[in-house]
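The values are calculated or read from the model by the stated rules, or taken from the named source; none is laboratory data. From a predicted model like this one, the values you see are computed outputs, not experimental measurements. Cβ coordinates were reconstructed from backbone atoms using ideal geometry, including for glycine residues, and neighbour counts include every protein chain displayed. Ligands, DNA and RNA are excluded from the accessible area calculation, which covers all protein heavy atoms including side chains. Shrake-Rupley method; radii C 1.70, N 1.55, O 1.52, S 1.80 Å.
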Amino acid sequence: MLLGWRDGDDARTWAQVRAAQLRAVRSRTLLLLVAHLATVAIVTLALLPAIAPLKVAALAGVLVAVSSGVAWRRWRAADAIATVPLRRRFVAAAMDAMLLALAWTIAASLFAAATDTLTQLTLWTSMAVLMTATTLALAPLLLATLVFLCTLTVGLAAPLISAHAYLPLGSFTALAGLLIVASWSRARGFMALMLAESTVAERDETVSLLLREFEIARADWLWEIDASRRIVHAGQRFADACHLSPAAMNGLPFLQVLAGPTWEGGNFSAGLRKLADKLKQRESFRDLVLPIVIDAEERWWEIAASPRHDAEGVFLGFRGVCSDVTEQRATTDRIHRMARFDTLTGLPNRLNINEALSRALTDAERWRARAAFMMIDLDRFKAVNDTLGHPVGDRLLGRVSERLGQLMSDNELIGRLGGDEFAVVVRDASDPQRVERLARTIIETLSRPYEVDHHTLYIGASVGVATSPRDGRTAETLIRSADLALYRSKDRGGGVFHAYEPQLHADAEERRVLELELRQALEQGQLSLHYQPVVDTGAGQLRGFEALLRWNHPRLGVVAPSKFIAIAEETRLIAPIGEWVARTACAEAARWPGELRIAVNVSPEQLTNPNFVTVIASALAQSRLAPQRLELEVTEGVFMREGMGAARVLEQVLDLGVRLSLDDFGTGYSSLGYLSRTRFSSIKIDRSFVVSAAQGVAEPLAIIRAVVALARSLGMSTIAEGVETETELALVRELGCTNVQGHYFGRAVPVEEARDMIRRSLAKARAA
């Protein structure tokens, strides 16, 4: 760094240092020029008696030209700072120094011509002075100084050695060494000084910026009080902040000014009391925040101060600084509120609810009482979002939060966990009937219709409740227990309240195990299809089969579809499983003779898969099964997902030539609009209607008649499910159902038994 070959990390600082080095040499250019011209004059006069005048004049001319040129270049070098690279500027200075040294080396080679001892002494003394003066002039540029001294020393050594003047040679070498050491030390000192000045200048600039920013912002002001805590030397800023004049403030008690309207009543804030205590104890303090009322407006000030003493240690009072932090505090409060309250409804959020529940559990344990936690999930809320959009859904959530807030007393805290989930912390749940009444009231209140943006909306609510310490002693455990209870409420169709019971945890663990095992069931070949026959009600002729999924686990045994189908839908495993079912069923049906059809159940979750139509088309193509022999069975639940495009997907499937059957008609959200908008081939009547009608119940009989008449008028066939007795068969025949399905004709059987059933049916048909 001293030689100028490389710089430090801060390029800006080092550019300033290099510029300062060049400017320092420029300021000493006159010294350099005068020293060399004076030495030229002395050498010229000393050599004239011994050397021809013309030769001396030529030498003098060369020395003057070189000295003047180098001085001019050093003068101009400082002006080229921005355009010439640093290394090039320092190399140029070193070349100038070498040129000077070589010129004087030539001159020194002529010194031997002067035989007079006094003349010799004069010449060599002049050279020593020249070396010293040049070193002083070039000292900030260490590289140039070293080049000059080393070149000149080597150049002077030749004539001294030839003259066997070893003593002068040693003297000059020692002088050169001393000058080198001195120039090195001087260069280091100069560079350190420049770096320090640059740092100080940068700090001064930073302080100036801060001071200017302080002047503009006018956020802080100074204050001073005497030993009696009265204001002295009130500044204009302090007075402006208090909406008073400096003259009016001087002499007023400091605490009275800060207390404002509360001074007379003595109703001081905690911050002001703490300030008074600090002033009384004569202690330094900082970051003390307290409210200040000025012209009926509350502001927040941050105060710091230190006690003052005279030379003898006598207490003189305090001097400090105030800052108005009202805006910062408001911002902090907003951030704090955003972190703890839901922005949409204004209710406490999950973090706030968790903290409140932890406090309630702590208090309940201290007083040997109970606390409870309710989880609330809105029923059918997703349908509102899907059909009317999220803005309407958000406004609906606001109405829900208003209703919930009106139901809460001081004993309860309502909050929003996220989405359409809410929670209630019941601080004192010693009365279980009261908790249950609150849960039922919540369900009833939230189930009333809402008017939002000219829409009348109907939703409901499901509630799960857990009570400490029975259902959990920690917030985490109680929340998990309430969540399991809520899951049971939703599993029962929603709109109900359920309290936690230990069996729920066992059920949840079972679901967890089944989910893990189900993820491997397809790959490990644990899934299979069973086939249940569908026959016509006339001659009992076989019309086809319904493919039913079965899971036979090597360790768990046969797992009921009612358990694992729901898990497959929740975990989205239904897509790969459903694809395998469709391909397997189509491949099997393609082996059957005649027009026997295969019916495959389709989950609403499958219709959200954008590749569903492609899967069906691919299964038909690979198996070469005629599309009209494949019948997809869907429930009315798919039409609750119109926002997901289920109806559009079904239309695309129908365009392939595939038949469509509406399963479990009458048990869900029945609507004749489904039948008019979608081209169904058949309607399946649920077993519950068949059983009740066979027992003579009037309503199921009327429903079956109505469905049959409706299907006949729309050109659809009807399939009665769950026919198990001769009586039930006779009834559905009488009512006009075209096809039947149930244990009376056969249970769902493995594929080999289904093939045997087909062979028997064909043999029977031939015999007839």
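Quick rundown of the values:
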quantity	calculated
Spin-label model distance (nm) - Ala706 vs Thr173, 7 Å beyond Cα toward Cβ	12.6
Highest-first arrangement of 538-549, 55-66, where packing means the average Cβ count within 10 Å	538-549, 55-66
20 °C / 1.002 mPa s Stokes-Einstein diffusion coefficient of the range 538-665, Kirkwood radius on C-alpha pairs, µm²/s	139
Thr441/Val91 FRET efficiency (R0 56 Å; Cβ-Cβ; nearest 0.05)	0.05
Qualifying lysines (Cα of each under 21 Å from Cα of Lys382; at least 8 residues distant if same chain)	Lys490
Largest to smallest accessible area among Glu523, Glu510 [probe 1.4 Å]	Glu523, Glu510
Acute angle (nearest 10 degrees) that the helix 53-77 long axis makes with the longest principal axis of the chain, alpha-carbon atoms	30
Read-out semi-axes √(5λ) of the Cα gyration tensor in Å, derived from the coordinates shown; its label in (i) 99, 49, 22; (ii) 63, 28, 22; (iii) 52, 34, 26	(i)
Label-to-label distance, nm, for residues given as Arg282 and Gln695 (7 Å Cα→Cβ offset)	9.6
Computed accessible area, Glu327, all protein chains, 1.4 angstrom probe, square angstrom	120
Computed Kirkwood radius, in angstrom, where 1/r is averaged over Cα pairs of the range 474-547	16.2
Label-point gap, in nm, between His743 and Glu509 - each point 7 angstrom along Cα→Cβ	3.3
Helix-only mean residue ellipticity at 222 nm for the chain, each DSSP H run of n ≥ 4 adding -39500 (n - 2.57), per residue, nearest 500	-18500 deg cm²/dmol
Stretch gain in nm, segment Arg399-Asp453, where the contour uses 0.36 nm per residue and the Cα spacing is subtracted	18.2 nm
Average accessible area per residue (Å²) across the range 317-369 - probe 1.4 Å, nucleic acids and ligands excluded	63
Gain upon complete extension [Thr326, Arg229; 0.36 nm per residue less C-alpha separation]	32.4 nm
Between 0 and 90°, nearest 10: helix 350-366 axis offset from the chain longest Cα axis	80
Inter-part distance where the range 395-424 and the range 238-279 are each reduced to a Cα centre, Å	43
Set of aspartates and glutamates near Lys764 by C-alpha distance (under 14 Å), chain-local residues within fewer than 8 positions excluded	Asp756
Solvent-accessible surface ranking, highest first, for Thr362, Thr132, Thr343 at 1.4 angstrom	Thr343, Thr362, Thr132
Residue order for Thr125, Thr262 - accessible surface, 1.4 angstrom probe, largest first	Thr125, Thr262
Sites Arg492 and Leu762, calculated FRET efficiency, Cβ-Cβ separation with R0 45 Å, nearest 0.05	0.45
Extension gain (nm, one decimal) between Leu48 and Arg572, 0.36 nm per residue minus Cα-Cα	177.6 nm
Carbon + sulfur, % of accessible area of the chain - ligands and nucleic acids excluded, 1.4 Å	56
Sites Leu244 and Leu344, calculated FRET efficiency, Cβ-Cβ separation with R0 35 Å, nearest 0.05	0.20
C-alpha long axis of helix 86-108 to longest principal axis of the chain, angle in °	20
